[in-house]
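> Here it is, the structure, as C-alpha cells.
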Amino acid sequence: MVFDLQLLLRLIVASAFGSNVVKAQSTSSPYEVKTCVVNFVGESCLTELLPVANPIRYQTQPVTNPNACEDTVGQRGSLSFVDITLPTNQVLYVEVTTNVVGQENVGVDNFHVRPSRLTEPWGMPTVEKNLASFYIADTGQYSVEFASSELWKDLLRAQNFDALTLFVNPPMDPLPSDAVLIEEDITQFDNVGGGQLARTLGGGKYYFSAAQTYDWGQDVVYHVMDDTEVYFEQNSYVKARIIQTKQKVNNVLIRGYGVLDNAYPPTEYDIPGESDDGSRQAIHILGKNIEISGLTIVNTNKECGEFGYALNINANWAPLAVSPADSLGVFEAGELQNGNPPYKARPAHCQDFNMDDTQNTDFTNCPTSQNDGAKVSFVKAISWQMGQDGINAGKYGTVTDSFVRVVDDALKPWDSGAHYERITVWQLGLGWPINLGWWGWTQDDVGTTVENIYLIHNQNWMTSNDWPTTKSGQCVVGGVYGSSSVKSNYRIHNIFVETACSCAVGLEINKAAFSRHLTPDGCVGSIKNMSITNMFFDEEFFTQLVPPEQITFSEVKDILAASVLVTLKERSLT
C-alpha cells in the first residue's frame, strides 16, 4: 500500500498523546473468563462455573518504538484471546470480568458481544459493574466489549482499546498416535545461508507439543513436502514459519488449536524460498489438497516495517522460487510495485502464465476445482502493523468460520473459483476488509464468492480520507485494480457492518496502481459481471473529514452497478 505520510505522522502523534490517558500496559490479560456447558439458551449451569481451561493469551503492540514507526498506523491497546471448545449440540454460558479502567459500569446498553447479528438471538446479556454474563450457542469468534458503539468514532479510544476475543471452536480429533514429536533442538535445522535456519518435514505425521519451547531467538522455517501432516497440540506456541514455495506439493494438513508466531525478521533476507519476498509469510504453500484448520496465526515482530501475510496458498503474484537464484536474481515485490512491462521471466507455479506473460506449461499439483483447492477453517489471523495482511486462499480455495484482525487488507479474494464464508473481520486503522486485487499475473479470475462476512469494526476510516487513489477512500469492498487478469462473475453477498465505517464500495481500475502487473501492452484487465448485494450497515457512514462518496466505480466497465444494494441502519434479524 501507499499512503499519505502526513496522515501517518498525525496518527503516530495522536497515539503518543493517547498513551498518556490510558492505563499502563500490563503483561497479563485484564480479563477473567469463566464458562460452563448447558443444553439450551436460558438453562442454568449444570456444573460449576469454572475459569477457561486454556490460557488467555495477551498481546500489546509488539513494535519496540511504535511512536516512531509509521507502519503501526497508531495502533496500540491490547488484545486478549482464548480458545474454548464447544461440545456438539450444546451451549456455552460465559461470565466475563473486566479489570480495564473505564470499562466498569457501562451498563447493558453499552455492552456487546459481536458479531451482534449472531449473538442477539441468544438473549440479552446480564451486566453488573465490571461483570457480564451471556450465552454462546454456536462456534465462531466473538469480541466481548464493555464499550458503547460511539467509542469506535473516537480516534484515541479506538486505537488504545483493550480487547477480548473468544475463539469458540468445535471439538477436534486427538493427535494421531503415530505422529512424531517435533523437537525444539536447534541442531535439527540447516543453516541455509547467513545464519538463516530451516528444516524440511518430509512425508509423514508430526506434532508441536505444548510442553516444548519453540523459540530460537531468530526466524526459522519449516518446509512441508507431499503427504505431510503437521499437528499443533492444544496450547502449543511456535515462533516459526511454514513455507513451501520451491515446489508444488500435494496433500498437506496443518491442524490444531495452537499458535504460530511470525516473531522474528529473517537473519538473511534474500534466500529464495526461505526469506525472499515470495515466501515472507507465516504460512505460504504452493500446491493442491492443502488443509489448514484451527490455528491462530500472529505476528509479534518487534521490528518496524516487517511485512508478512498470515496465510497465503498459491498466491498469484508470487513466482516459484529458484534456488540458488539464477541470473534473474532474487524476487523482489518492488518489481510489481510501480513496475511496468516487460517483467522478468520468473516461473509461474499454478498461474496460467509466467510473470513475463509467456505460457506456463507445468501444472503438476495445481488445483483444478474446489475439491482439491485449499481448505481453511477456524483460522485466526492477528497482526499489528501494515504489510501483515490476512488470508488469501488462492485458486479454488475455500475459507470458512475464520477470524481476521489486521492493520492491512483482511481478505484477499484474487483468484478463480474461491469461496469465503462466515468470516468475522476486525479491520484496524488501514486496509480493505475485502480487497479485490492489486497485482495478480495474467489469467482468468472467474466465479469467486464472498458471503456472510461479519465486519464488526472497520477502523480504516482513520486513514480513508487520505487514501491517495480512489475517490471513495478505503471502503469495505474494493481496491485499486492493477492486475492484468480479467475478473468476472464475482458474487459478494450479505456483508454485515456493525460500527463506524466510512464507505461501502470503492473500486477503481488504474494502470498506474502502486501494486500492478500489466499486460505486455501496458493494460489492466477488465472487471465485468460483478454482483455486490445485501450490504447492511448499522450506522450512517462516518469520516473524520469530508464525507466520501458511498459507492465509487471509477473507470470500471461492465460492472453490474444496478445489482449493488446497500442498506443503512438495517437491524432486521430475519
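> Counting only residues that are farther than 25 Å from residue 227 by Cβ, give me the strands (runs of 3 or more DSSP E) lying completely in segment 279-383 with at least 1 of them.
296-298, 380-382
> Provide a single number: the residues in segment 35-73 that are over 25 Å from the mean Cα position of the chain (by Cα), open to solvent by 40 Å² or more (accessible area, probe 1.4 Å) and closer than 27 Å to residue 261 by Cβ.
Residues flagged as over 25 Å from the mean Cα position of the chain (by Cα), open to solvent by 40 Å² or more (accessible area, probe 1.4 Å) and closer than 27 Å to residue 261 by Cβ within segment 35-73 amount to 2.
> Among the candidates 30, 115, which residue alone is farther than 18 Å from residue 405 by Cα and within 25 Å of the chain's Cα centre (by Cα)?
Just one listed residue meets the conditions, 30.
> Moving on. Among strands (runs of 3 or more DSSP E) lying entirely in segment 386-469, which contain 1 or more residues that are at pLDDT 95 or above, open to solvent by 10 Å² or more (accessible area, probe 1.4 Å) and closer than 19 Å to residue 141 by Cα?
398-406, 419-427, 449-458
> Of all residues in segment 269-296, count the ones that are of a type in the set (Asp, Glu) and closer than 26 Å to residue 212 by Cα.
Residues flagged as of a type in the set (Asp, Glu) and closer than 26 Å to residue 212 by Cα within segment 269-296 amount to 2.
> Restricting attention to segment 258-278, and to residues there that are in a loop (DSSP other than H, G, I, E, B) and within 17 Å of the chain's Cα centre (by Cα), which single residue is farthest from residue 325 (Cα to Cα)?
Among those that are in a loop (DSSP other than H, G, I, E, B) and within 17 Å of the chain's Cα centre (by Cα), it is 258.
> Let me ask something additional. Determine whether segment 141-156 contains at least one residue that is assigned to a strand (DSSP E or B), of a type outside the set (Gly, Ala, Ser) and surrounded by fewer than 18 Cβ atoms within 10 Å (Cβ to Cβ).
Within segment 141-156, none of the residues are assigned to a strand (DSSP E or B), of a type outside the set (Gly, Ala, Ser) and surrounded by fewer than 18 Cβ atoms within 10 Å (Cβ to Cβ).
> Can you say whether residue 485 is open to solvent by less than 10 Å² (accessible area, probe 1.4 Å), small (Gly, Ala, Ser) and touching a Cys at 6+ places or on another chain (Cβ under 7 Å), as far as the supplied structure shows?
Criteria not met by residue 485.
> Quickly run through segment 152-170 and pick out the residues that are more than 21 Å from the chain's Cα centre (by Cα) and more than 18 Å from residue 99 (Cβ to Cβ).
Scanning segment 152-170 gives 153, 154, 155, 156.
> Of the residues in segment 240-262, how many are open to solvent by 10 Å² or more (accessible area, probe 1.4 Å) and either at positive phi or modelled with pLDDT under 95 (or both)?
Residues that pass the stated criteria total 1.
Conditions tested, residue by residue: (1) touching a Gly at 6+ places or on another chain (Cβ under 9 Å); (2) at pLDDT below 90.
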| site | (1), (2) |
| --- | --- |
| 485 | yes, no |
| 489 | yes, no |
| 494 | no, no |
| 511 | yes, no |
| 541 | no, no |
| 552 | yes, yes |
| 557 | no, yes |
| 563 | no, yes |
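The values are calculated or read from the model by the stated rules, or taken from the named source; none is laboratory data. Note that the structure is predicted; figures quoted are calculated from it, not measured. Cβ: placed from backbone, ideal geometry, glycine included. Neighbour counts: every protein chain shown. Only protein heavy atoms, including side chains, enter the accessible area calculation; ligands, DNA and RNA are left aside. Shrake-Rupley method; radii C 1.70, N 1.55, O 1.52, S 1.80 Å.
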